[in-house]
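Before any comments, here is the structure.
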Amino acid sequence: GAAGGGAAMCTSGTLSVLRSDSYVDLSQYRDQHFRGTRYDQERLLRKSCTLYVGNLSFYTTEEQIHELFGKSGDIKKVIMGLDKVKKTACGFCFVEYYARGDAENAMRYINGTRLDDRIIRTDWDAGFKEGRQYGRGRSGGQVRDEYRQDYDAGRGGYGKTVQCQ
Amino acid sequence: AGQPHKRRRTSEPSEIEERLESLICRVGEKSNSSLESNLEGLAGVLEADLPNYKSKILRILCTVARLLPEKLTVYTTLVGLLNARNYNFGGEFVEAMIRQLKECLKVNMYNEAVHLVRFLSDLVNCHVIAAPSMVAMFENFVSVTQEEDVPQVRCDWYMFAFLSSLPWVGKELYEKKDAEMDRLLSQTESYLKRRQKIHVPMLQVWTADKPHPQEEYLDCLWSQIQKLKKDRWQERHILRPYLAFDSILCEALQHNLPPFTPPPHTEDSVYPMPRVIFRMFDYTDDPEGPVMPGSHSVERFVIEENLHCIIKSHWKERKTCAAQLLSYPGNNKIPLNYHIVEVIFAELFQLPSPPHIEVMYTTLLIELCKLQPGSLPQVLAQATEMLYMRLDTMNTTCVDRFINWFSHHLSNFQFRWSWEDWSDCLTQDLEKPKPKFVREVLEKCMRLSYHQRIIDIVPASFSVLSPANPVCIYKYGDESNRSLPGYTVALCLTIAIKNKASNDEIFSILKDVPNPNKDDDNDEGFSFNPLKIEVFVQTLLHLAAKSFSHSFSALAKFHEVFKTLAESDEGKLHVLRVVYEVWKNHPQMIAVLVDKMIRTQIVDCAAVANWIFSSELAHDFTRFYIWEILHSTIRKMNKHVLKIQKELEETKARLARQHKRRDSDDDDDDDDRSSDREDGPLEEQIERLQEKVESAQSEQKNLFLVIFQRFIMLLTEHLVRCETSGIDVFTPWYKSCIERLQQIFLQHHQIIQQYMVTLENLLFTAELDHHILAVFQQFCALQA
């Protein structure tokens, strides 16, 4: 240790137990369609003001999303996720804030709560690019709706594979 | 088992520091061993580490003293044990704490400074600091109240730091120095008697004193300390681990605090604002459970302080925060759920602003309900009912927050609520607080769901309070309206826009619209033409009514037309009027459109302010959405100014760096001219930015002046009318309006402080009605 008791009594120092911000940390998910290195992607995620929002009902409107996510700050844009074929809502969206801090608060306090009676999930997004508003499932919706076995009235009933049986 | 095991290196210094920090932070958490044995163990480990890691240990302990006040007595005990083993370390720790305290005071970290003072005072109980020297420090604190020409909030802080330490150390100090303590307490009493409390009404959540008086924070604390003294300083709530170590600690040598001179008041000193203590529960509210400590008991003070500290420590981690709140010790002796709910609402309703973002409290309460599903939801329901019952005297700003919280909370629980219990509001005038509250809640609930859902969740009798179906009103929609001026142009526009017309095509269609204000026609033909605006805006918004995105696209596509039509101030005002006419059933849409129009500079902030106070909006003047729009507008203005100021600072910094580089590289002056050329662009930029800043600041000041002016006009009108017709001034409208004026002051107090001279000389002069002037005076008292 340093000689003497001259350690700076820094009033801005903190403790790691108080620095914990797990709701804001990056999840394990990485968009496989991202163009660029993993490093680039994570750099963008760490300063992003855009959130991906999942597990929405197909009937949840832009207005409802705006009302809920507006509680953590001013929203720059909401982009509804669409079925690639039908061009109708398919249960996800992007919410972009003007300020990173507002997006962080959404991750802390809106992620994991209910919208339209459903627990919604938010995650960092590297930034909207044209084309990303479409589902990537074979039938046009989201991948998760292709294969799921359960019945979900808010997401078109049974999964596509089940429906085709 | 086949993996080669990486040989553990001898730890890096930073790893040791992390380990030490972790050990220290974790002591006091749930453990298989007793707290005493954990403390003893940790003291042994740290003592052994002192030769090599003393400064790190000092830093960590000082930091926990400052940032983990909810574990105060755990750490004072630890320091006590260390001091008993190593007297020099104890002395160095005390010195480090004093240095840290001085630093905090210098940089206006007053809340953390209180924790340091409390820590020092509890060190008296641990035989680290000699009681007489602590009393001497407190004597210096209290003597601040004798200083002349200093803000009252400065004296308040030193008084608070003294009084709020007494629950921990009052007994010990009184036993050792009763005469001095009596003198201090008597000086305290006379200070509290003479200090002014003009600010109190502005900070109270309820204007009524029943059932619980909303006391000024120093008054409440004083009552609590007086009661503590009367009880001979017996305090039974605080956990004091040092008691178990008394035999060791009383052998330790104590240190004397160095004489502490409070740093003088400077221009840059910013002291905490006064507070009002929020109380909503007492022992009658939970007759089955443990008795809630009375409002003037020191236990109540300590519990509330600790719960607030826990929220402050863990606000980012809602699950941890909920768990920590629920594991607050003393669970079976106090009605913890009630304390937690009260403390959370105290923060949510705090004036001027909650310590944390509002949505945090909603989610925290939901987490608490998840952890205590059998008990907490009932307490919350009881609290909601009580808040509803007292709406008549609740501050309008707090009602806003109640509306936001309750509607958002309900949306997480399928909007289940016993609405019939609130049928009493149906017989009241719709402007009265209770029916107004229910209306606003239902409107917010609708925004989070949809219209039919709201109709379904309330009893049929509540239909009078249900929100309107948020549909667009298009005046040119019906064939029956074909006699309206502009009808044919509207049809034309509709077809053109559907056929993807350009801005130019729109302009040429609009040329045919006659101007009802014929005298205002000038040569350019682009003068204020309300009919043009009406036809264009009505038609466009109607075509884009499907969603927010559609409307935003429309605003973007025809931005040029909007800018031209809304060029004049009257044009801007009229655009806003038409937006309202089209979307008056959908306040949320109005809000997002106004936001977009400000951001794309179709209208400016002053236009929005004037529109809100216009007679066309008088009917909606007390509705929540109007004030959300106004405050959002002010916030945009404030952020805009900050942004340009920041740009200016950054550019200045770049120039300074450039000069520095030039000065260090330059041995001779031959390159002067070329350096000037390099500076040129930056210096020009700075000049331009300087102008931009001044212009933005001027616009910001103007916005506030407009708002205040309009408030004064509106309120004066009402007061005069009441006076001449002999009716009571205090109508629901008046209460709402005057509290909205207060809200402007409170929510933007930092900016408004800059305008005090102008406000005093220009607007809030002595000739003003005393009702209105009182609001200004209360505001001035906040930092006086």
Quiz item: Which one is nearest to residue A:152 (Cα to Cα) among residues in the range A:73-119 that are more than 9 Å from every other protein chain (Cβ to nearest Cβ) and of a type in the set (Gly, Ala, Ser)?
Solution: A:91
Quiz item: Across the range B:72-86, what is the number of residues that are surrounded by fewer than 22 Cβ atoms within 10 Å (Cβ to Cβ) and free of Cβ contacts under 8 Å to residues at least 60 places away in the same chain?
Solution: 2
Practice problem: Keeping to the range A:23-39, report how many residues are surrounded by 12 or more Cβ atoms within 10 Å (Cβ to Cβ) and either touching a Phe, Trp or Tyr at 6+ places or on another chain (Cβ under 8 Å) or within 14 Å of chain B (Cβ to nearest Cβ) (or both). | Solution: 4
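Can you say whether residue A:143 is aliphatic (A, V, I, L, M) and under 12 Å from the mean Cα position of the chain (by Cα), as far as the supplied structure shows? Before the answer, list the steps.
Details: aliphatic (A, V, I, L, M): yes; under 12 Å from the mean Cα position of the chain (by Cα): no.
When the stated conditions are applied, residue A:143 does not pass them.
Out of everything in the range B:604-644 that is part of a helix (DSSP H, G or I) and hydroxyl-bearing (Ser, Thr, Tyr), what residue ends up being farthest from the other protein chains (Cβ to nearest Cβ)? Give the steps one after another, and end with the answer.
The initial filter retains those residues of the range B:604-644 that are part of a helix (DSSP H, G or I), namely B:605-612, B:615-620, B:624-644.
With hydroxyl-bearing (Ser, Thr, Tyr) added as a condition, the list becomes B:615, B:625, B:632-633.
Numbers: B:615: 29, B:625: 12, B:632: 8, B:633: 11 Å.
Among them, the one singled out is B:615.
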Practice problem: Search the range B:416-427 for residues that are touching a residue at least 12 places away in the same chain (Cβ under 8 Å) and more than 16 Å from residue B:392 (Cβ to Cβ) and pair each with any residue that is among the hydroxyl-bearing types (Ser, Thr, Tyr) and surrounded by 11 or more Cβ atoms within 10 Å (Cβ to Cβ) when their beta-carbon atoms are under 7 Å apart and the residues are at least 6 apart or on different chains. | Solution: B:423/B:461
Self-check item: Subset of the range A:65-80 that is in a helix (DSSP H, G or I) and aliphatic (A, V, I, L, M) - its residue that is nearest to residue B:546 (Cα to Cα)
Solution: A:65
Practice problem: State yes or no: is residue B:406 within 14 Å of chain A (Cβ to nearest Cβ), outside any helix (DSSP H, G or I), of a type in the set (Phe, Trp, Tyr) and without any contact (Cβ under 8 Å) to a residue 60 or more places away in the chain? | Solution: no
Self-check item: Complete set of residues in the range B:340-385 that are touching a residue at least 12 places away in the same chain (Cβ under 8 Å), in a loop (DSSP other than H, G, I, E, B) and within 11 Å of another protein chain (Cβ to nearest Cβ)
Solution: B:356
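Filtering the range B:581-590 down to residues that are in a helix (DSSP H, G or I) and surrounded by 19 or more Cβ atoms within 10 Å (Cβ to Cβ), which residue is farthest from the chain's Cα centre (by Cα)? First the steps, then the outcome.
Here is the first cut: in the range B:581-590, the ones in a helix (DSSP H, G or I) are B:581-583, B:587-590.
Filter again for surrounded by 19 or more Cβ atoms within 10 Å (Cβ to Cβ), leaving B:582-583, B:587-590.
Values: B:582: 34, B:583: 31, B:587: 25, B:588: 23, B:589: 26, B:590: 25 Å.
For the range B:581-590, the residue satisfying everything is B:582.
Of the residues A:74, A:125, which single one is in contact (Cβ under 8 Å) with a residue 12 or more places away in the chain, closer than 30 Å to residue B:636 by Cβ, surrounded by fewer than 20 Cβ atoms within 10 Å (Cβ to Cβ) and in contact with a helix residue (DSSP H, G or I) (Cβ under 9 Å, 6 or more places away or on another chain)?
On the way: A:125 fails: surrounded by fewer than 20 Cβ atoms within 10 Å (Cβ to Cβ).
Matching residue, one of A:74, A:125: A:74.
Could you identify the single residue in B:79, B:64 that is hydrophobic (A, V, I, L, M, F, W, C) and within 14 Å of chain A (Cβ to nearest Cβ)?
On the way: B:79 fails: within 14 Å of chain A (Cβ to nearest Cβ).
It is B:64.
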Quiz item: Of the residues B:267, B:251, B:288, which is touching a helix residue (DSSP H, G or I) at 6+ places or on another chain (Cβ under 9 Å), exposed (fewer than 15 other Cβ atoms within 10 Å of the Cβ), outside the structural domain of residue B:746 (by the TED database) and not in a helix (DSSP H, G or I)?
Solution: B:251
Quiz item: Any idea which of (1) within 14 Å of chain A (Cβ to nearest Cβ); (2) over 27 Å from residue B:241 (Cα atoms) is the one residue B:321 doesn't satisfy?
Solution: (2)
Quiz item: Quick one: what pairs do we get from the range B:95-112, first residue within 8 Å of chain A (Cβ to nearest Cβ), second surrounded by 16 or more Cβ atoms within 10 Å (Cβ to Cβ) and of a type in the set (Gly, Ala, Ser), C-beta under 7 Å, 6+ apart or different chains?
Solution: B:96/A:5; B:104/B:113
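Would you confirm, using the coordinates I've provided, whether residue B:390 is touching a strand residue (DSSP E or B) at 6+ places or on another chain (Cβ under 9 Å) and either charged (D, E, K, R) or not assigned by the TED database to the domain that holds residue B:364 (or both)? It would help to see each step written out before you state the result.
Numbers: touching a strand residue (DSSP E or B) at 6+ places or on another chain (Cβ under 9 Å): yes; either charged (D, E, K, R) or not assigned by the TED database to the domain that holds residue B:364 (or both): yes.
Judged against the criteria, residue B:390 is a match.
Looking only at the range B:466-492, filter to residues that are free of Cβ contacts under 8 Å to residues at least 60 places away in the same chain and under 30 Å from residue B:420 (Cβ atoms); which one of those is surrounded by the most Cβ atoms within 10 Å (Cβ to Cβ)? Let's see the steps before the verdict.
So the first thing to find is which residues in the range B:466-492 are free of Cβ contacts under 8 Å to residues at least 60 places away in the same chain, and the list is B:466-467, B:478-492.
Adding the requirement that they be under 30 Å from residue B:420 (Cβ atoms) leaves B:466-467.
Working: B:466: 18, B:467: 20.
Ranking the qualifying residues of the range B:466-492, first place goes to B:467.
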Practice problem: Go through (1) at pLDDT below 95; (2) within 10 Å of chain B (Cβ to nearest Cβ) one by one and return the number of the condition residue A:70 breaks. | Solution: (1)
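The values are calculated or read from the model by the stated rules, or taken from the named source; none is laboratory data. As the structure is a computational prediction, the values presented were derived from the model and not from experiment. All Cβ positions, even for glycine, are placed from backbone atoms using ideal geometry, and neighbour counts span all protein chains on display.
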